[in-house]
Amino acid sequence: MPDFPMKKNTATTIGFPILDADGDLVTGATALDSEYKLDGAGFLDCASEAVESGTTGIYTLALTAGETNGDLVIIQCKTTTVGAKTSVLVFKTATRQLVDLAFPATSGRSLSIDANNRLGGI
């Protein structure tokens, strides 16, 4: 499961809606064209295309590590479905995510800091 923020240069799957002009979900969008843009460069085709989750109007897109290898990642998904708008997503990436931070020692994934702010009671 992905964490926050998007991790730079790491494959991940994102989810997003495709909407019409009224803000309603568009189901069955056709001829999807998913593209990515890194750090202000031009848009490039994604290795895969977005797919709809059932008939919900919510779509997922699997991104490769290379498609997230920028400080600013912009994703756009276009469709030829009449009335559907292009979905645009903007992500600021990081080399570490929240899950990489230290937690209280009881969680089992942490650093132990003593009362004198020393690591592991050193």
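Inside segment 29-65, can you point out the residues that are out of contact with any Leu (no Cβ under 9 Å at 6 or more places or on another chain) and either of a type in the set (Asp, Glu) or over 14 Å from CYS77 (Cα atoms) (or both)?
Hits for segment 29-65 are ASP33, ALA41, GLY42, ASP45, SER53, GLY54, THR55, THR64, ALA65.
Out of segment 34-67, which residues are open to solvent by 40 Å² or more (accessible area, probe 1.4 Å), among the charged types (D, E, K, R) and within 18 Å of LYS7 (Cα to Cα)?
LYS37, ASP39
What number of residues in segment 11-33 are in a loop (DSSP other than H, G, I, E, B) and open to solvent by 50 Å² or more (accessible area, probe 1.4 Å)? Talk me through it step by step, then tell me what you get.
Within segment 11-33, the first condition is being in a loop (DSSP other than H, G, I, E, B), and the residues that meet it are 11, 18, 21-24, 26-32.
Within this subset, residues satisfying the condition of being open to solvent by 50 Å² or more (accessible area, probe 1.4 Å) are 11, 21-22, 24, 27, 30-31.
Counting residues in segment 11-33 that are in a loop (DSSP other than H, G, I, E, B) and open to solvent by 50 Å² or more (accessible area, probe 1.4 Å) gives 7.
Determine which member of the set GLY54, GLY83, GLY40, GLY28 is without any contact (Cβ under 8 Å) to a residue 24 or more places away in the chain and at positive phi.
That would be GLY54, the only listed residue that is without any contact (Cβ under 8 Å) to a residue 24 or more places away in the chain and at positive phi.
Name every residue in segment 68-95 that is over 15 Å from ASP33 (Cα atoms) and either in contact with a Phe, Trp or Tyr (Cβ under 6 Å, 6 or more places away or on another chain) or open to solvent by less than 40 Å² (accessible area, probe 1.4 Å) (or both), in order of residue number.
Taking segment 68-95 as the starting set, the residues that turn out to be over 15 Å from ASP33 (Cα atoms) are 68-73, 83, 90-95.
THR68, GLY70, VAL73, THR93, ALA94, listed by residue number.
Exactly one of (1) among the hydroxyl-bearing types (Ser, Thr, Tyr); (2) farther than 30 Å from LEU119 by Cα; (3) in contact with a strand residue (DSSP E or B) (Cβ under 8 Å, 6 or more places away or on another chain) is unmet by THR81. Its number?
(3)
Yes or no: THR27 under 22 Å from ARG96 (Cβ atoms) and among the polar types (S, T, N, Q)? First the steps, then the outcome.
Values: under 22 Å from ARG96 (Cβ atoms): no; among the polar types (S, T, N, Q): yes.
For THR27, the condition - under 22 Å from ARG96 (Cβ atoms) and among the polar types (S, T, N, Q) - is not met.
Going by the structure shown, is ASP20 in contact (Cβ under 8 Å) with a residue 40 or more places away in the chain and more than 15 Å from VAL90 (Cα to Cα)?
On the way: in contact (Cβ under 8 Å) with a residue 40 or more places away in the chain: yes; more than 15 Å from VAL90 (Cα to Cα): yes.
Yes; evaluated as a whole, the condition is true for this residue.
The values are calculated or read from the model by the stated rules, or taken from the named source; none is laboratory data. Values in this document were obtained by computation on a predicted structure and should not be read as measured data. Every residue, glycine among them, receives a Cβ derived from its backbone with ideal geometry; neighbour counts consider all protein chains shown. For the accessible areas, the whole protein counts, side chains as well, though only heavy atoms, and no ligand, DNA or RNA atoms are used. Shrake-Rupley method; radii C 1.70, N 1.55, O 1.52, S 1.80 Å.
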